[in-house]
Amino acid sequence: MPGIFIIPAGRMIRIIVVSLLLCASLGAASAQTGLRDPSISADGILIVPDAFAQDVAPLVEYRGTQGIRYEVATIGAILQAFPAADTLTSIREFTTYAMHSWTPPAPVALLLVGDVEWVPTYMLPPHPAHSTLFTDTVAIDDMLADDLYDDDALPELAVGRLPAASIEEVRTMVAKTIAYEKLSPGQGSLDQLGLADYEEGDPFLSMVHTWQNSFDPDRDRSVALAANTENAETIIDSLAHHISHGIGTLLYAGHGAPDHWSALHLVDATDIPTLELGTQPFFLYTVACSQRFDLDSAQSVPENMLRVKDGGAVGAIVSSGLAFGMALFNIGMEARSYMEENKDACYGLALLEVKLRRGGGPGDSIPPLSTRSTLLGDPFLHNPHWVTGIQTPSHAVSSAVDFDLFPNPLPNGTRQLSLDLKNPASGTGTILLRNLLGQTVLQRQLEFRGQRQRIQLTLPALRPGYYQVSVLQSGQIKSHGIVVQ
């Protein structure tokens with residue numbers, strides 16, 4: 001049987017049918033004449049340290065049975081074929097060459113195997129518009145897949161990373177990837193588990209409910225856990241119970257830092273090896289302003305989740321350094337919705353599609369804040385639910401109120417902001433303006449007329465930086481970013 005999967009073609013979408021006969025020659029061209037051989041043809045590029053090269057073979061072979069061809073490129077081979085001042089430049093010259101010079105169709109995905117100590121990434125300062133609030137650096141894997149010949153700061157390939165620090169961890173992550181895709185739909189006690197910080201004024205439980213309401217209740221079994229200072233221990237026990245009995249997806253929304261979830265420390269990075277995280281791998285979404293993937297194991301919850309043998313996470317969508325919780329939530333919602341609409345799509349290509357829709361711009365040198373999310377895991381990873389052809393629920397995220405903002409960016413000193421609501425339902429809605437710290441600086445409750453409607457907001461005095469405007473109605477939420485100059 002040929003493998004059928006959906007991939008972006010430039011900025012468009014196409015369906016490719018790949019014969020399994022092509023997989024027999026996987027990697028042969030590069031072995032004979034090097035990575036500059038223009039006859040190489042591949043669907044994905046797999047970059048791996050020389051020390052791990054043999055341990056990715058089961059994943060390459062498994063993808064081959066699906067008609068997906070990975071070309072394996074070791075760091076040593078890349079440095080030899082594309083010598084440059086540093087490893088990052090060599091890798092980027094290689095991926096640009098592969099996109100332009102290998103036999104079409106060009107690769108659509110890039111998998112980095114190894115943590116940032118093995119496969120480096122770009123470490124960039126925060127965007128100037130945000131530097132008044134944060135000084136944290138930003139780790140951007142996407143730049144390794146950004147064409148050297150354009151200037152939009154957007155990747156041309158779907159990028160994923162297996163953040164392994166050892167041969168054993170590579171083997172663990174490869175084995176979990178294969179096992180996850182072989183799960184039967186509905187296997188385990190829950191399909192969706194949501195965990196939210198829930199102190200007064202927090203928006204996170206609303207996010208979890210919005211997420212779960214976008215699924216079909218007749219198909220997906222879901223539970224939402226809301227943690228506060230009074231029930232933290234009970235919530236931790238409930239979280240462990242559900243994970244140990246098997247879940248499909250875990251969404252955490254809250255005031256997380258790289259090394260812990262919630263100010264209550266519901267989950268700590270150093271505790272993950274001792275937690276009971278079951279034997280069924282799950283996919284992890286994190287909605288927190290910083291869940292960095294480029295830190296050592298003692299500091300990174302998402303990385304340690306992937307390092308758990310058998311259970312734990314098989315993949316995760318996390319922030320690339322500084323991000324914004326609401327933006328991450330919307331990215332996850334849009335990617336999940338895209339996967340439901342396109343049953344053969346996979347996590348990496350769905351995330352890439354969302355980033356391309358959000359866009360960059362000519363002259364950008366750093367990815368926009370609204371696209372700063374990273375996939376930990378194989379970009380060709382499929383969710384066992386959606387490849388079975390289950391129909392999209394009728395009440396998916398598209399019911400959220402859509403709107404435009406102008407002017408955006410907002411000139412310094414301007415106090416008037418207009419919202420053009422495109423599809424509000426009749427009834428009450430709420431408009432929120434939050435800063436990068438998640439603090440609400442403006443909240444207004446309004447009556448929506450059930451038709452296109454323009455609303456004028458008078459803003460408080462705002463410091464320059466990035467803000468998030470959200471419209472909430474009937475449990476649905478839609479957000480857009482705005483820069484105050």
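Take the Cα of Gln451, step 7 Å toward its Cβ, do the same at Gln416, and the gap between the two points is 2.4 nm.
Based on the alpha-carbon gyration tensor of segment 28-121 and its eigenvalue square roots a ≥ b ≥ c, which shape applies: rounded if a/c is under 1.5, prolate if not and a/b is larger than b/c, or oblate? Verdict is oblate for segment 28-121. Annotation: amide H of Val159 within the under-5 Å range of Leu110, sequence separation 5 or more or interchain, hydrogens built in the peptide plane. Proximity of backbone amide H atoms, modeled 1.01 Å from N, is registered between Thr249 and Gln192, Leu193, Phe283 at under 5 Å, excluding neighbours fewer than 5 places apart on the same chain.
With a simple spin-label model that places each label point 7 Å from the Cα along the Cα-to-Cβ direction, the separation between Met123 and Glu199 comes to 3.1 nm.
One chain, two ends: Glu233 and Arg36. Fully extended at 0.36 nm per residue, the span grows by 65.3 nm beyond their Cα-Cα distance.
Rule-based calculations on the coordinates, nothing more; no lab input. Not measured: the values here are computed from a predicted model. Virtual Cβ from ideal backbone geometry, glycine too; neighbours counted across all protein chains shown.
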